[in-house]
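Every number in this text was worked out from the coordinates using simple rules, so none of it is lab data. No experiment lies behind these values; they were computed from the predicted model shown. No Cβ is skipped: glycine too gets one built from the backbone with ideal geometry, and neighbour counts run over all protein chains shown.
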Amino acid sequence: MLFLITQNTFILKWITIPVYDNFYKKCVEWENKEILLTLKNGKTYQGFLWKYPENSKSRHESQTISIVPFKSGYRTNETKEVIWNIYYPKYESYFDLVNMEIIIPRTEIATFGKFSRKTFDHFER
């Protein structure tokens, strides 16, 4: 009887665990590329993806990402337009990058996408 319960529990977990984690897949794809992300509190960052979860099924500290920001701001409540208010200095060395790293829990991310300079410049005009 115990064998059947153990087997059914395993099968139930196997069926309900998503085989495909799109967030993790995008992190792998966009590593060291520019991204744009907005947190649930409206804070927005443009920078590059520095580190990401090591394993899509991990439940602990690896469920954070870290970015090195180029600029940050916030989204307005009415129009959701981004107001940029902090521009970070040009990074000269690896140590500058490490010192500016921002660690963000995955659960706090509202939107996450690849940043396109061409598209951004088009809409800025």
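Suppose R0 equals 22 Å; then what is the FRET efficiency for Y87 and T64 from their Cβ-Cβ distance, rounded to the nearest 0.05? It comes to 0.35. The listed peptides 32-42, 87-97, ordered by packing as a protection proxy, come out as 32-42, 87-97 (highest mean of other Cβ atoms within 10 Å first).
Cβ-Cβ distance of R117 and F95, R₀ of 30 Å, FRET efficiency by 1/(1 + (r/R0)^6): the value works out to about 0.70.
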